[in-house]
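Every read-out reported here was derived from the displayed coordinates using simple, explicitly stated rules and does not represent laboratory data. Quick caveat, the model's predicted, so the values are computed rather than measured. Every residue, glycine as well, gets a Cβ built from its backbone with ideal geometry; the counts of neighbours run over all protein chains shown.
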Amino acid sequence: MPAIFPAFRHGLCLLVVGALAGTLAAADIDQPPFHYSQSSPDNAVERLQEKLDGGTARLDFTDDHGYLASVLEALDIPLSSQVLVFSKTSFQRQRIGPRTPRAIYFNDDTYVGFCFHGEVMEVSAADPKLGAVFYTLDQQPAPKPRFVRQTDNCLLCHGSTPTHGYPGHLVRSVFPDEEGNPICSLGTLRVDQATPLADRWGGWYVTGTNGRNAHRGNVILSGATKKPRGGQPDPNNVADLRPWFAVENYLSPHSDVVALMVLEHQAEMHNLLTRARYEVQLAVYQQADIDRALGRASEGLSESTRRRVQSACEPLVRYMLFRDEAKLADKVSGSSTFAADFSARGPRDKQGRSLRDLDLERRLFKYPCSYLIYSRAFDGLPKEARDYVYRRLGEVLADGDAPPEFAHLSPADRKAIREILLETKPDLADAWKQP
């Protein structure tokens with residue numbers, strides 16, 4: 001699957017242990033109460049396929065990009081979200097390298113991976129009940145194109161330790177050689193919002209202004225010396241990728257730095273939502289099983305089940321409020337319209353404020369609470385998980401001193417986030433009114 005979906009089936013040393021762990025996790029999620037592989041997904045890809053089957057939607061094919069442009073339009077994924085990865089970290093590795101990067105596009109719940117003249121398009125959807133669900137679409141013209149669901153092959157890596165053992169996504173930073181192969185002896189890093197920018201984007205192209213925020217992007221290493229290859233352009237503050245590859249082969253010439261930062265936040269946020277969903281669902285299911293075996297009536301969550309809910313949901317709360325977020329050393333500015341396109345998607349309160357408003361000088365967002373609180377993935381959490389998250393948000397965002405673990409949020413931050421949520425997330429407002 002794409003870079004955010006790396007399936008390292010090509011013999012590299014990466015994720016050997018994680019892949020084995022993923023095999024076990026994949027077996028567990030096919031057992032009750034989950035039935036991952038047998039369950040019917042409910043996501044944007046499935047809804048598009050229903051329209052294709054019913055003749056109310058169509059996908060147009062072009063020689064250079066196959067169904068890509070049409071799929072992006074049908075799934076409401078902005079072209080400006082394009083980011084480019086040139087490390088060989090996908091099963092279409094033969095198509096990928098510094099001169100033929102893989103393109104990734106995304107919105108709040110769907111990711112699309114495209115290789116130039118690749119055999120298939122790779123698509124992943126954040127399903128409100130199943131977590132990440134993976135598909136391929138043949139890049140050949142057909143009367144009725146079909147998204148084919150993938151399970152075992154993708155879960156080898158996408159149900160492994162780096163995704164908390166559940167179906168999820170990966171964004172990685174590697175040290176790529178001249179062919180795009182990760183140099184395993186130098187290591188590899190899973191990236192999220194806590195990763196210092198200096199460690200991000202190895203094996204990725206990065207466009208935009210990063211100022212004094214050094215990063216690993218736009219750098220190709222010599223496999224022999226393991227040092228940057230001679231004659232490369234300056235990798236920082238890049239506006240034009242033409243010195244590296246033929247940008248005209250792609251729908252956009254950009255690999256926007258802001259899109260990359262949002263992608264990194266979003267991928268791990270989806271992973272933590274999935275983890276909370278599975279672990280809370282399992283805890284409640286097992287308590288009910290025990291109650292039945294003992295012949296006792298259920299009287300709410302037991303103390304042990306409450307602790308399991310807390311263990312699954314507290315990391316989600318901390319991440320969605322950007323605890324441990326890597327700080328910016330300088331202003332960041334994208335090269336495309338992504339920042340404006342992303343922010344325009346709202347919703348906004350009466351003062352015009354939105355959780356999608358970007359900061360880009362000190363941190364990623366002006367109001368540090370994840371916009372994915374509005375997503376179907378969040379709304380699909382079990383009630384017990386949602387109740388916990390809402391209660392903790394109420395505690396953290398209340399007037400007075402913040403809990404010590406959320407001291408990074410100023411009183412002004414907490415007040416603004418609370419006011420925005422009260423106006424834009426009705427069920428949370430209702431939950432906060434309850435005793």
Study note, to complete from the structure: Counting only DSSP beta bridges with both partners in the chain, the antiparallel fraction in percent, to the nearest 5, comes to 95
Check your understanding: Given +1 on the Cβ of Lys and Arg, -1 on the Cβ of Asp and Glu, and no further charges, what dipole in debye does the chain carry about its Cα centre, rounded to the nearest 20?
Key -> 580
Review point. What order, most packed first, do the peptides 305-311, 231-237, 168-174 have when packing is the mean number of other Cβ atoms within 10 Å of each residue?
Key: 168-174, 305-311, 231-237
Study note, to complete from the structure: Treating only Lys and Arg (+1) and Asp and Glu (-1) as charged, each at its beta carbon, one finds that the stretch 70-153 has a dipole about its Cα centre, in Debye to the nearest 20, of 380
Review point. Using θ = phi - 60° and the Karplus form 6.51 cos²θ - 1.76 cosθ + 1.60, what ³J(HN,Hα) does each residue of the stretch 377-394 get, whole Hz, x for Gly and Pro?
Key: 4, 5, 5, x, 4, x, 4, 4, 6, 5, 4, 5, 4, 5, 5, 5, 4, x
**Study point:** Estimated vicinal HN-Hα couplings, Hz - the stretch 245-251 in sequence order (Karplus 6.51, -1.76, 1.60; Gly, Pro = x)
**Key:** 7, 7, 5, 5, 7, 10, 5
Exercise for review: Excluding residues on the same chain fewer than 8 positions from residue 350, give the lysines whose Cα lies under 18 Å from its Cα.
Suggested key: 366, 415, 425
**Study point:** Most fluctuating residue given options 34, 134, 86, as computed from a GNM of the chain linking Cα atoms under 10 Å
**Key:** 34
Point to revise | Sorted by Cβ density within 10 Å, fewest first, the residues 62, 424 | key: 62, 424
Revision key, fill the gap. By the C-alpha gyration tensor axes a ≥ b ≥ c (rounded if a/c is under 1.5, else prolate when a/b exceeds b/c, else oblate), the shape of the stretch 16-256 is oblate
Exercise for review: Find how many whole Å separate the alpha carbon centroid of the stretch 94-143 from the alpha carbon centroid of the stretch 199-265.
Suggested key: 21
Practice item. Might you report the magnitude of the Cβ-based charge dipole of the stretch 16-256 about its Cα centre, with Lys and Arg at +1 and Asp and Glu at -1, to the nearest 20 debye? Key: 760
Review point. So between residue 383 and residue 297, what do we pick up on full extension, going 0.36 nm a residue minus the alpha carbon distance?
Key: 29.0 nm
Check your understanding: In the stretch 258-433, with Lys and Arg counted as +1 and Asp and Glu as -1 at Cβ, which of these residues, 282, 294, 347, has the Cα nearest the positive end of the dipole, that is, farthest along it?
Key -> 347
Check your understanding: Rounded to the nearest 0.05, what FRET efficiency do residue 401 and residue 361 have when you use their Cβ-Cβ distance and R0 = 30 Å?
Key -> 0.70
Practice item. Taking H placed 1.01 Å from N in the peptide plane, check which residues at least 5 places from residue 365 or on another chain put their amide H under 5 Å from its amide H. Key: 359, 360
